[in-house]
Every structure is written in structure tokens, then in C-alpha cells.
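Here is the structure we will look at, set down as C-alpha cells.
The values are calculated or read from the model by the stated rules, or taken from the named source; none is laboratory data. Because the structure is predicted, anything quoted here is derived from the model rather than measured. Here the Cβ positions follow ideal geometry from the backbone for every residue, glycine too, while neighbour counts run over all protein chains shown.
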Amino acid sequence: MAANSEVEGVAASAAGRRDPAVRAAVEQGLVGGGDGAEPLVCLLDVAGIRASAAALTGAFAAALAPGTPVLHAFAVKAAPLVPVLRLLADAGLGCEVASPGELALARAAGVPADRTVLDSPAKTPAELREALALGIAVNADNPQELARLDGLVGRAATPPAAPIGLRINPQTGAGAIDALSTATATSKFGIALRDPGARAWLVRAYLDRPWLTRLHIHSGSQGVPLALIAEGVRELHALAEEINAAAGRRQVDTLDIGGGLPVNFASDEETPTFARYVAALREAVPALFDGSYGLVTEFGRSLLAKHGLVLARVEYTKTSGSRPIALTHAGVQVATRTAYAPAAWPVRILPYDAKGAPKTDDPVAQDIAGPACFAGDLLATARELPRLAPGDLIGVPDTGAYFFTAHYGYNSLPRPAVHGFTVTESGEVTFRLVRPAQEVSAIVAEAGGDLRDALL
């Protein structure tokens, strides 16, 4: 009961910061209908992000044996914004990167190499050389990549400065969203642990390479239940024990258990919590916390999603087939997954008037549409809301990860500005620019504007 009260308290405080931020965004001219105000802006709750980081680090610290090395590496793909990475680094987190671009963002944020992990199923030789030279941890995805590392590292007994491990696929099964299930029988990621001969091959690979000191897994994501995630981690731990027993020493010293904690998009409640996830792990793999292995985590969505808000102006309203439709400036470009897979990625819609005050009129079923030129550009269909009018605003909460942070350039719609906000106890709201709104000239430049005659 106490745990539920704690969750509700966190949700209430986050929701309590949201409405003052919306009102202040209008009053300060960041969004709305005034001169110079943008029709679309995105907000990040700085206090909420810090609270999530503290909840993660605290949950593991309370469970781990004293002195256990642990790195919580934020999955950069979830929110590839340098100020966000810097904020999380200040809160004690590192970075998990999966491309040269993400590595560049982590370095720009000042994240040290020894707090960075490189994961990707298609690393080039150049990427591997750079990671090894910098001392960045590498998780190899497959036997061919391991052969590449053989050429770069050799089979010497002295390990390289960069920790190196292998990613396994425990083949424990899919969650509710097939596209995000990374531990299926035929997943593209990692070495399939239950394929014939795979386990023996993995043990031999480690015995032949003393510099392989880590094992990696990522079996969770949105739609994957905690028990299934924990089952994958249990498989990882068992394999590490088998390798170390065969080696007669503690060769594998670190387990990278990935991330993928699901997020509740149905309400402001933050569930499941990191504490609940740790409890599920302790039940499934109690030895994980006895200090025998260092730990790495790679959470992304669960750290940022609840702390982002899209704010968009309602430009027009109309009816079609007797259905009211609100045409807004937020659509597929900031909520790509919702537009293309609405059943898997439903979002809440919060209605505000033109001054940023919540609307509380009687609800009417209406569609919330975006600005893109295709029929599926809808945030909600037949959603019961106070009837919207031109100049009103809609808020789309829970969008701090994989929504506006990963812009989709449909119709060459510009990237919206992103602002971080803080709210004092007296209700004063301060905004800090995280990413400027994209200028139309930048869109032209990216589209080869300086190369106009290249194909003539």
C-alpha cells in the first residue's frame, strides 16, 4: 500500500507541474496564437527527469551488495538531445549508443568513455576501432563481428582497455508488440542461445578469448512483462556461471542486462517502477545482486517518456460525416509510432484553452488530426474531450522518449523547439532552450539546396 501511495505522489507532483508549465508557455510566448509564438512546442520536465534517474539508481543501490560496480547507461536513441544527456550525466548516468551519431552526442555531452557502451547489430570496422581506441565498452552482436574483433584485438592474454562482451538472444519469447520484441526465436539481435550448438560455441568463444569479460542481453521493451524480462536476465546469469566454471576463474565479470522497462501511457501513474523491476529480478535471479558481477543497465523510455509534453495549437475545426475534427500542428512528425500503429501506441490528449487553462466542458467525441498530408495522421479518433475550437491547445503527455525527440521529416515539417522547464514551489516557471526550432532554410540545405544543378 505504501508503494502505491509513493507512486501516486510522484504522479501528482508531475501533473502539478504540467499545468503551470502550459500556462507559462503561453504567457511567455513559446506557443499559442500571439505574435512570434510557435504553433507547436515540446517541453521536458527537468525535475521529473531527475526524479526518474534517482529512482533508478536508488532501486539498484538498495538491492546490490555494497561495492558492486554498476553503470546505468541511458539509451541515447530514446532522447538524442545533448542537454538531456548532460542532465542525466549530472544525475550519475552514462550513455548507451548504437551509431556514430549517438556516440558523437554522448561525447558532446561530456560523457566519459568509461561510462559509455556501444551496441549495434551492424558496427563497421571503423566504429570498432574508434571504440577500442577510446576505451568504450563494446557488445559484439554476432560471430562475424567477433571475428572482426579478433583481428583488432588478437588473442593475447592481456585484455584491451575497452571491455568487450557478446550479446545473446535468450529466445524467451515476444511481448505484446512484435516490432519491439528482441528475444524471439528469430530476433535480429545477438547470438541465439537456444539454437543447436550455440551454447557450447559461446563457452568455447570465451575460453579462447580471455579478453571477453562481459555478457549482454536486452530482452525487454514496451509490451514485454517483467517476468519475461527477468527470465532473459536469468538465462544471462546462468550462461556467465557456466563460462566461468569452464574457465576455472572469474572471466566474465560484468553483466549488461539492458533496459526496456515498459511505460504506462494510460495515466500519470509511473508504473511499473524501477523498484518493482528490481524486485522481479531479485525473485528470478537472486544471485544477480550478491556482488559476484558488476552490472550495466540501458534504460531509455522509462527514464524520459513521462516527462515530455507536446503542446500544439488547434488551427481549424470542422466536421466530416458528422464527426468533429480538430486540425492541429502535432501529428506524425512528433508521434510517428502513434500515427502508423495507433493500437500499439495510443496517446492521451489534454485539452487547454487559448490561455493555457485546462478545458472542462462536457466531452464530445472528436478526432485529433495532425498537419501531414495523409489520412492516417491522427493522434486520436473519436476521443471524448471538451469540444475544441481554433486557438485552443492540445497537450500530448508521456512523449519525452521516441516521440518529438526523434523527429520524422514527413512533408518536410520542421523540427519543433524543445524547452526544459522547472517550477518553483511558488509556481514560477523557468524555461531553458534544449533544441531550437528548425528553420525552413535548414530544411532546404539538408535537401541539397546548395546542389540545385547537380543532376542537370
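Would you check which residues across region 128-157 are of a type in the set (A, V, I, L, M), surrounded by fewer than 15 Cβ atoms within 10 Å (Cβ to Cβ) and closer than 15 Å to ALA113 by Cβ and list them? Listed by number, the list holds a single entry, ALA133.
May I ask you to list the residues in region 347-370 that are among the hydrophobic types (A, V, I, L, M, F, W, C) and either at pLDDT below 95 or out of contact with any strand residue (DSSP E or B) (no Cβ under 8 Å at 6 or more places or on another chain) (or both)? Give the derivation first.
First, the residues of region 347-370 that are among the hydrophobic types (A, V, I, L, M, F, W, C): 347, 349-350, 354, 357, 364-365, 368-369.
If the condition is that a residue be among the hydrophobic types (A, V, I, L, M, F, W, C) and either at pLDDT below 95 or out of contact with any strand residue (DSSP E or B) (no Cβ under 8 Å at 6 or more places or on another chain) (or both), then ALA357 is the only one that fits.
The single condition among (1) in a loop (DSSP other than H, G, I, E, B); (2) of a type in the set (D, E, K, R); (3) under 23 Å from VAL347 (Cβ atoms) that ASP453 does not meet is (3). Taking the criterion of being among the aliphatic types (A, V, I, L, M), in contact (Cβ under 8 Å) with a residue 40 or more places away in the chain and either outside the structural domain of ALA312 (by TED's automatic domain parsing) or not in a loop (DSSP other than H, G, I, E, B) (or both), the residues of region 385-398 that qualify are LEU393, ILE394, VAL396. Screening region 1-60 for residues that are at pLDDT 95 or above and of a type in the set (S, T, N, Q) and picking the one that is nearest to the chain's Cα centre (by Cα) gives SER52. Is it true that VAL263 is assigned to a loop (DSSP other than H, G, I, E, B) and farther than 23 Å from THR57 by Cα? For VAL263, the condition - assigned to a loop (DSSP other than H, G, I, E, B) and farther than 23 Å from THR57 by Cα - is not met.
Just wondering, is there one or more residues in region 89-102 that are at pLDDT below 90, among the β-branched types (Val, Ile, Thr) and touching a helix residue (DSSP H, G or I) at 6+ places or on another chain (Cβ under 7 Å)? So that I can check it myself, show each step before the final result.
Of the residues in region 89-102, the ones at pLDDT below 90 are none.
No, that holds for no residue.
When LEU295, LEU327 are checked against the criterion of being in a strand (DSSP E or B), in contact with a Phe, Trp or Tyr (Cβ under 9 Å, 6 or more places away or on another chain) and not assigned by TED's automatic domain parsing to the domain that holds ALA21, LEU295 stands alone in meeting it.
For region 16-62, the set of residues classified as assigned to a helix (DSSP H, G or I) and closer than 18 Å to ASP353 by Cβ consists of ARG18, ASP19, PRO20, ALA21, VAL22, ARG23, ALA24, ALA25, VAL26, GLU27, listed by residue number. Among residues of region 427-448 that are hydroxyl-bearing (Ser, Thr, Tyr), those with a Cβ under 9 angstrom from a residue that is modelled with pLDDT under 95 and part of a loop (DSSP other than H, G, I, E, B), sequence gap 6+ or separate chain, pair up as THR430/THR424.
With the structure loaded, tell me whether ALA344 is modelled with pLDDT under 95, surrounded by 15 or more Cβ atoms within 10 Å (Cβ to Cβ) and under 25 Å from the mean Cα position of the chain (by Cα) or whether it fails that test.
Numbers: modelled with pLDDT under 95: yes; surrounded by 15 or more Cβ atoms within 10 Å (Cβ to Cβ): yes; under 25 Å from the mean Cα position of the chain (by Cα): yes.
Taking the combined requirement at face value, the residue satisfies it.
Being in a loop (DSSP other than H, G, I, E, B), under 22 Å from GLY376 (Cα atoms) and under 28 Å from the mean Cα position of the chain (by Cα) is a property that ALA401 has.
Only one of these is of a type outside the set (Val, Ile, Thr), closer than 24 Å to ALA24 by Cβ and surrounded by 24 or more Cβ atoms within 10 Å (Cβ to Cβ): ALA335, ALA354. Name it.
Details: ALA354 fails: surrounded by 24 or more Cβ atoms within 10 Å (Cβ to Cβ).
Of ALA335, ALA354, the one residue that is of a type outside the set (Val, Ile, Thr), closer than 24 Å to ALA24 by Cβ and surrounded by 24 or more Cβ atoms within 10 Å (Cβ to Cβ) is ALA335.
When THR319 is tested against the conditions (1) more than 12 Å from ILE368 (Cβ to Cβ); (2) free of Cβ contacts under 8 Å to residues at least 60 places away in the same chain; (3) part of a loop (DSSP other than H, G, I, E, B), the lone failure is (3).
Between ALA382, ALA375, which is more than 20 Å from ALA417 (Cα to Cα) and outside any loop (DSSP other than H, G, I, E, B)?
Numbers: ALA375 fails: outside any loop (DSSP other than H, G, I, E, B).
Just a single option satisfies the conditions, and that option is ALA382.
Within region 399-425, the residues that satisfy the criterion of being over 18 Å from GLY32 (Cα atoms), of a type outside the set (D, E, K, R) and free of Cβ contacts under 8 Å to residues at least 60 places away in the same chain are SER412, THR424.
Among what's in region 411-435 and is under 21 Å from the mean Cα position of the chain (by Cα) and outside any strand (DSSP E or B), pick the residue that is surrounded by the most Cβ atoms within 10 Å (Cβ to Cβ).
Going residue by residue through region 411-435, those that are under 21 Å from the mean Cα position of the chain (by Cα) are 415-421, 433-435.
When the remaining residues are screened for being outside any strand (DSSP E or B), the result is 415-416.
Values: ARG415: 21, PRO416: 25.
Per the stated criteria, the residue is PRO416.
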